Amino acid sequence: MSFLHPKPLEPDVVDRLFSALTLRYGSPFLDRWRELDLLVVKSDWARQLSGFGPAAFRFALESLPEKPPPVIDFRELCNAAPVGHA
């Protein structure tokens, strides 16, 4: 495995993240991509969030902003997890 290109997240992990974010934000979260193929969007999330683990995701989900984050902002929340949460 290359450190420059970690393996993308498994689809079920992304599905669980999307479920949690949809529960929190409702349709404003999913409406962001209403004109796009959701499988392509989830694939991008899987690549962008590769290398993070459950603790970083938990931290990010506990630190959500008022408005639904795009993947770049969610990744920054994961990056902000205290040491040991990555």
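The values are calculated or read from the model by the stated rules, or taken from the named source; none is laboratory data. The model shown is predicted, which means the values in this text are computed figures rather than measured ones. Each accessible area value is taken on the protein alone, full model and side chains, heavy atoms only, with ligands, DNA and RNA left out. Shrake-Rupley method; radii C 1.70, N 1.55, O 1.52, S 1.80 Å.
Remark: region 52-63, residue by residue, has Karplus-estimated 3J(HN,Hα) of 8, x, x, 5, 5, 5, 4, 4, 4, 5, 7, 10 Hz, where x stands for each Gly or Pro and the curve is 6.51 cos²θ - 1.76 cosθ + 1.60 at θ = phi - 60°.
Over its Cα atoms, what ratio of radius of gyration to 2.2 N^0.38 Å does region 10-57 give?
1.13
Which entry in (i) 1.01; (ii) 1.05; (iii) 1.13 is this structure's computed Cα Rg over 2.2 N^0.38 Å? The value computed from this structure is option (ii). The relative contact order of the chain comes to 34 percent, based on Cα pairs under 8 Å that sit 6 or more residues apart.
Within the chain, what whole-number % of the accessible surface is contributed by carbon and sulfur, with the 1.4 Å probe and all protein chains included in the calculation?
Working: 3360 of 5710 Å².
With neighbouring chains kept in place, the figure for the chain is 59 percent.
Length gained on full extension, Asp15 to Ser27, computed as 0.36 nm times the residue gap minus the Cα-Cα distance: 2.8 nm.
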